[in-house]
1. Can you give me the three principal axis dimensions of segment 84-222 from its C-alpha atoms, in Å, biggest first?
2. Rounded if a/c is under 1.5, else prolate if a/b is larger than b/c, else oblate: which is segment 4-71, with a ≥ b ≥ c the root eigenvalues of its Cα gyration tensor?
3. Let me check I've understood the local charge: for residue 245, count other residues with C-beta under 11 angstrom from its C-beta, Lys and Arg +1, Asp and Glu -1. What total comes out?
4. So, R0 is 30 Å and r is the distance between the beta-carbons of residue 147 and residue 249; what FRET efficiency does that work out to, to 0.05?
5. Which value, in Å² rounded to 10, gives the accessible area of residue 302 with a 1.4 Å probe and all protein chains present?
6. I need the Debye-formula profile for segment 8-126: one equal scatterer per C-alpha, no solvent, reported as log10 I(q)/I(0) at q = 0.11, 0.14, 0.15, 0.17 1/Å, two decimals.
7. Just going by the charge dipole of the chain, with Lys and Arg at +1 and Asp and Glu at -1 on Cβ, which of 275, 69, 320 is farthest out on the positive end?
8. Suppose every K and R has +1 on its Cβ and every D and E has -1 on its Cβ; what is the size of the dipole of segment 95-244 about the Cα centre, in Debye to the nearest 20?
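The values are calculated or read from the model by the stated rules, or taken from the named source; none is laboratory data. Values in this document were obtained by computation on a predicted structure and should not be read as measured data. Counting neighbours? That spans all protein chains shown, and the Cβs are built from the backbone with ideal geometry, glycine included. Side chains included, ligands, DNA and RNA excluded: accessible areas come from the protein's heavy atoms. Shrake-Rupley method; radii C 1.70, N 1.55, O 1.52, S 1.80 Å.
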Amino acid sequence: MHILIAHESPIPVTAYGGTERVIWDLACGLVARGHRVTFLVPDGSACPFAAVQPIRPGVPWREQVGRDIDIAHFQFKPDEELDVPLIVTEHGNCQPPSPFPLNTVFVSADHARRHGAECFVHNGLDWTSYAPVDWDRPRAGYHFLGKGEWRLKNLRGAIRVAERAGERIEVLGGVRFNVRRGLRFTLYPRARFHGMVGGQRKFDVLNGSRGLIFPVRWNEPFGMAVIESLYFGCPVFATPYGALPEIVEPEHGVLSADARLLADAVRANRFDPRACHARAVDVFNADRMTDSYLQLYDRVLSGESLNPRPPMLLDLDRNLPWAS
């Protein structure tokens, strides 16, 4: 099968990009199973195991999809119909709401439900590309991982939980003095800011953390930060919104919209790091994701629709409750 994967951001995997890592690992898994993959991505991209075709801005998508393509897998919603079978994976919460193609795949059951849809595939990663977990390293303090300048990620709430618990917090994805989203300055002296980081530097911080504090205030479509943290043996202390209850079972963390309850859970942290690691490796891996998408490709190629009606975002729920 010849599969075209279209994405609006460059590849290979960037230092921070979660979606880029997911589609890279998916393509690698498809090739390992004997399929041919072509990336349709911005100019300047490169891949050693798949063909790369630069996007031609302004040219209709149907003219950029080759005639030898069996199925096109877009990581965004194209603005036109194609001449080949199409699957679209929606990775976020579309704003403003608009209909998606029938063959749209979401990244969690909750994500699909909030679009009036049924079809989803959990993201998975090739964990062999990550640094090994250092089980012998002493762990002290906690971490936040996300775009801290985005208020819905609730970095301020994460710092408040750490402060209530009397713990240090390493902030990956934020800065102490922030003027981009209004003037904000973090006073808590035990919050250490690393900015937007990835790769080995991120792995080093996660390898020394006792857990992820992640009190988001919207319906998280999936939660890449969550599975990366679990992989490194970090239990998760988060709000119960979006896909998070699908990912974080009671054995792997605590979900609450109350900062006091999360702080109590952080102080009482007795979770088994190896159980958290096993949750990521066994459930949210690239092989499982690849097999799931191959089943969907076969359904579409046989003429089946993945959803009974065109999906549309029904429930965004921004600024969900949070008691600090």
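1. Cα spread of segment 84-222 along its principal axes, largest to smallest: 53, 39, 24 Å.
2. oblate
3. Numbers: positive: none; negative: 110, 220, 246, 249.
Net local charge, residue 245 excluded: -4.
4. Details: r = 26 Å, r/R0 = 0.86.
About 0.70, to the nearest 0.05.
5. 90
6. -0.38, -0.63, -0.73, -0.95
7. Looking along the dipole axis, the top candidate is 320.
8. Numbers: 21 positive and 12 negative charges, 172 e Å.
Dipole about the Cα centre, nearest 20: 820 debye.
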